[in-house]
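Peer 1: Please see the structure below; I have some questions.
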Amino acid sequence: MIGLRIGLVLALTAGMLSHCGRKLPPPLPVVPVKAGPEIALQTTPVPLDASNPARTTIEGFVFAGGVAITSSETSRLHGLSDLAITADGGLAAVTDFGDLFQARLVLDPAGRLIGLSDGKLEGLKGPDGQPLQDKDKADAEGLAILANGDRLISFERDHRIWLYPAAGGPPRPAPKPATILPYNEGMEALAAYPAAGPDAYLVGGEEGETWLCKLSAACQALAPQQGPDFTWGLTAMTAFNGPAIATFHRGFDPIRGWRGILRFVANPMAPPARQTAVASLHLDGATTRDNYEGLALSTTPSGATRVYLISDDGGLPGQRTLLMAFDWTPPPPPPAPLKSKKPVRRR
């Protein structure tokens with residue numbers, strides 16, 4: 001969801017943009033489509049760079065395919081805020097409108113993303129077993145899947161984290177940071193963090209505040225993960241390679257439009273002065289971009305780290321739901337310096 005920082009930028013340019021003053025969406029239906037959760041999906045390939053369709057690399061990352069996603073069977077496939085990818089190629093995402101979207105990745109023989117199949121869209125349920133109806137209750141922003149399959153979902157406006165058991169049943173509250181968050185700028189980033197325990201997870205606020213939480217313990221503040229300036233907001237995090245994490249910041253201005261920065265951070269538990277970025281990816285200029293809010297990682301058969309980014313179109317004209325894939329392989333370590341031989345002293 002567009003938070004306070006970007007809202008300020010949009011408000012300053014209200015005469016130039018159509019984002020401001022939009023109406024809130026209608027209440028959620030009992031089910032999102034006429035005949036159950038299954039929906040047909042239409043995916044259209046998109047390039048890394050529309051001005052140069054042959055371009056395949058950017059800052060050490062290899063573009064691995066991208067698609068724009070729509071459905072002719074529902075008007076609710078919008079506002080995707082975060083996603084998770086399972087080892088068998090399943091995709092799950094939550095939306096600003098209180099829906100859970102699920103699908104399967106479609107890859108070509110070379111492993112590039114070319115589409116989605118088996119689409120499902122259904123309303124997230126509350127403790128009473130009913131779909132969330134109130135926008136203030138339904139604005140889902142973060143998604144994390146723990147090792148046992150339980151899902152954690154963070155919400156803003158009514159700031160809370162709920163645990164949805166893998167075995168089914170109603171959600172229950174999970175620990176959240178003991179802080180006051182802005183109304184529409186809350187816990188955007190959520191990530192399972194097994195390096196700190198099987199029930200550990202990271203929580204990130206849009207201003208870059210970061211906490212380590214556990215189902216069995218209260219949340220503790222970590223060094224913030226901040227963007228270049230106040231117009232950037234933290235929208236997603238995920239863990240990989242032990243203590244390392246990937247973060248994604250989204251920025252906007254009326255001249256350059258939507259921009260994004262992906263960073264691989266070696267250890268978010270370290271003090272600020274010792275925070276190091278292993279790699280970074282800037283989505284700007286001619287690259288295909290939109291309001292990216294969701295981030296997930298997987299591993300390719302070749303051992304590369306596969307990055308998936310998904311955008312929140314807000315249900316607005318001129319924006320799209322994009323799913324983009326990039327592969328990153330760490331560069332080989334530099335050769336060890338040659339040891340100089342000490343001259344043999346003769347007597």
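The values are calculated or read from the model by the stated rules, or taken from the named source; none is laboratory data. Fair warning: this is a prediction, and the values are worked out from it, not measured in the lab. For neighbour counting, all protein chains shown are included, and Cβ atoms are generated from backbone atoms with ideal geometry for every residue, glycine included. Note: accessible area is taken over every heavy atom of the protein model, side chains too, but ligands, DNA and RNA are not part of it. Shrake-Rupley method; radii C 1.70, N 1.55, O 1.52, S 1.80 Å.
Peer 1: I'd like to verify a number: residues in the range 274-310 that are assigned to a strand (DSSP E or B) and open to solvent by 50 Å² or more (accessible area, probe 1.4 Å), how many? Spell out the reasoning first.
Peer 2: Kept after step one, since they are assigned to a strand (DSSP E or B), are these residues of the range 274-310: 277-283, 287, 292-299, 305-310.
If we keep only those that are open to solvent by 50 Å² or more (accessible area, probe 1.4 Å) as well, we get 277-278, 282, 299.
Looking only at that region, the number is 4.
Peer 1: If you don't mind, there's one more thing I want to ask. State yes or no: is S75 of a type outside the set (K, R) and either under 20 Å from P317 (Cα atoms) or open to solvent by less than 10 Å² (accessible area, probe 1.4 Å) (or both)?
Peer 2: Details: of a type outside the set (K, R): yes; either under 20 Å from P317 (Cα atoms) or open to solvent by less than 10 Å² (accessible area, probe 1.4 Å) (or both): yes.
So S75 fits the description; yes.
Peer 1: Okay, next question. Find the residue count for the range 148-190, including only residues that are of a type in the set (A, V, I, L, M), within 14 Å of E209 (Cβ to Cβ) and in contact with a strand residue (DSSP E or B) (Cβ under 8 Å, 6 or more places away or on another chain). Break it down into steps so the answer makes sense when it comes.
Peer 2: Filtering the range 148-190 for residues of a type in the set (A, V, I, L, M) gives 152-153, 161, 163, 166-167, 174, 178, 180-181, 187, 189-190.
Now drop any that are not within 14 Å of E209 (Cβ to Cβ), which leaves 178, 180-181, 187, 189-190.
Now drop any that are not in contact with a strand residue (DSSP E or B) (Cβ under 8 Å, 6 or more places away or on another chain), which leaves 178, 187, 189-190.
Here the count works out to 4.
Peer 1: Search the range 257-268 for residues that are closer than 8 Å to I245 by Cβ and pair each with any residue that is open to solvent by 20 Å² or more (accessible area, probe 1.4 Å) when their beta-carbon atoms are under 7 Å apart and the residues are at least 6 apart or on different chains.
Peer 2: Pairs found: F264/A277; F264/V278; V265/Q275; V265/A277; P268/L222.
Peer 1: Criterion first (closer than 19 Å to L105 by Cβ, without any contact (Cβ under 8 Å) to a residue 60 or more places away in the chain and not aliphatic (A, V, I, L, M)) does G242 satisfy it? Walk me through it before giving the result.
Peer 2: Numbers: closer than 19 Å to L105 by Cβ: no; without any contact (Cβ under 8 Å) to a residue 60 or more places away in the chain: yes; not aliphatic (A, V, I, L, M): yes.
Against the criterion (closer than 19 Å to L105 by Cβ, without any contact (Cβ under 8 Å) to a residue 60 or more places away in the chain and not aliphatic (A, V, I, L, M)), G242 does not qualify.
Peer 1: Identify, from the list P243, P228, the residue that is under 24 Å from T300 (Cα atoms), open to solvent by 10 Å² or more (accessible area, probe 1.4 Å) and either in a strand (DSSP E or B) or of a type outside the set (A, V, I, L, M) (or both). So that I can check it myself, show each step before the final result.
Peer 2: Numbers: P228 fails: under 24 Å from T300 (Cα atoms).
Testing whether each residue is under 24 Å from T300 (Cα atoms), open to solvent by 10 Å² or more (accessible area, probe 1.4 Å) and either in a strand (DSSP E or B) or of a type outside the set (A, V, I, L, M) (or both) leaves just P243.
Peer 1: Got a number for residues in the range 92-129 being farther than 23 Å from P45 by Cβ, in contact (Cβ under 8 Å) with a residue 60 or more places away in the chain and surrounded by fewer than 22 Cβ atoms within 10 Å (Cβ to Cβ)?
Peer 2: The number of residues fulfilling the criteria is 1.
Peer 1: Sticking with this one: Across the range 151-204, what is the total count of residues that are open to solvent by 20 Å² or more (accessible area, probe 1.4 Å), within 20 Å of T238 (Cβ to Cβ) and either in a loop (DSSP other than H, G, I, E, B) or touching a helix residue (DSSP H, G or I) at 6+ places or on another chain (Cβ under 7 Å) (or both)?
Peer 2: Residues meeting the conditions: 5.
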